[in-house]
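Structure, as structure tokens:
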Amino acid sequence: MKTVSLAIAVSLLGAAMPALAADGTPGRDVAVTSFNAVDEDAKGYVHMGDMEKFRQGVFAGMDYDNDDRVDFAEFSAWDVGFEEAAVEEGKPEAIFTARRILFALWDRNGDGQLTQSEHRFALSQDFRRADIDDDSVLDQDEYLIGYSVNLVMRAAIRPDIDVSAQ
């Protein structure tokens with residue numbers, strides 16, 4: 001049952017990609033800021049090395065008790081700005097649901113804990129999924145429209161965006 005639900009969620013997120021790239025919302029602004037943080041050299045693209053460096057910092061930031069595992073409470077307490085964007089859009093409750101979806105997608109064994117390995121694997125898969133042209137780098141558009149964190153959070157904040165547009 002969990003696998004079917006997650007597959008449906010991933011399919012819906014994929015359908016939302018084109019519309020989410022074009023919106024001019026606070027959620028998009030957060031995603032752009034996130035891209036710029038990963039692309040700290042301002043190259044205009046990110047590669048897996050950039051993502052891994054960023055991922056390590058994110059994991060360390062989420063792991064409040066330093067046990068090398070992140071439970072849902074730790075995961076949901078960490079935010080790059082999507083929660084503020086959700087409040088601005090009048091959808092603060094949507095972020096909790098979005099975080100539940102992301103956590104469920106990333107917690108491969110379903111034990112309620114993200115390990116470094118699970119986190120690395122999840123972000124690597126998210127990167128590959130977002131790499132539309134399969135050139136092993138993500139430009140800003142690919143990151144905005146294809147990277148799972150952006151998709152889940154932005155779709156939760158703005159479910160009114162017409163995903164059939166474009």
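The values are calculated or read from the model by the stated rules, or taken from the named source; none is laboratory data. If you're wondering where the values come from, they're calculated on a predicted model, not measured in any experiment. Cβ coordinates were reconstructed from backbone atoms using ideal geometry, including for glycine residues, and neighbour counts include every protein chain displayed. Ligands, DNA and RNA are stripped out before the accessible areas are found, and what is left, the full protein with its side chains, is counted by its heavy atoms. Shrake-Rupley method; radii C 1.70, N 1.55, O 1.52, S 1.80 Å.
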- Message: Residues that are at pLDDT below 90, surrounded by fewer than 18 Cβ atoms within 10 Å (Cβ to Cβ) and either on the phi > 0 side of the Ramachandran plot or assigned to a helix (DSSP H, G or I) (or both): does region 157-166 have at least one?
- Response: yes
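Yes or no, residue by residue, for (1) farther than 16 Å from residue 149 by Cα; (2) more than 15 Å from the chain's Cα centre (by Cα); (3) modelled with pLDDT under 90:
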{"position": "10", "(1), (2), (3)": "no, no, yes"}
{"position": "20", "(1), (2), (3)": "no, no, yes"}
{"position": "63", "(1), (2), (3)": "yes, yes, no"}
{"position": "71", "(1), (2), (3)": "yes, yes, no"}
{"position": "80", "(1), (2), (3)": "no, no, yes"}
{"position": "91", "(1), (2), (3)": "yes, yes, yes"}
{"position": "107", "(1), (2), (3)": "no, no, no"}
{"position": "115", "(1), (2), (3)": "yes, yes, no"}
- Note on the structure: Residues of region 110-136 being under 20 Å from residue 58 (Cα atoms) and among the β-branched types (Val, Ile, Thr), in sequence order, are 115
- For residue 122, are the conditions met, namely being open to solvent by 20 Å² or more (accessible area, probe 1.4 Å), among the small types (Gly, Ala, Ser) and farther than 22 Å from residue 26 by Cβ? no
- Long-range neighbours under 9 Å by Cβ, at least six apart or interchain, first residue over 14 Å from residue 147 (Cα atoms) and among the small types (Gly, Ala, Ser) within region 26-42, second modelled with pLDDT of 95 or more and open to solvent by 80 Å² or more (accessible area, probe 1.4 Å): 42/36
- Filter result for residue 133 (crowded, with 16+ Cβ neighbours inside 10 Å and not hydrophobic (A, V, I, L, M, F, W, C)): no
- Task: For region 136-146, enumerate the residues that are open to solvent by 10 Å² or more (accessible area, probe 1.4 Å) and of a type in the set (Ser, Thr, Tyr).
- Result: 136
- Note on the structure: The residue that is most open to solvent (accessible area, probe 1.4 Å), considering only those in region 78-119 that are in a helix (DSSP H, G or I) and among the small types (Gly, Ala, Ser), is 117
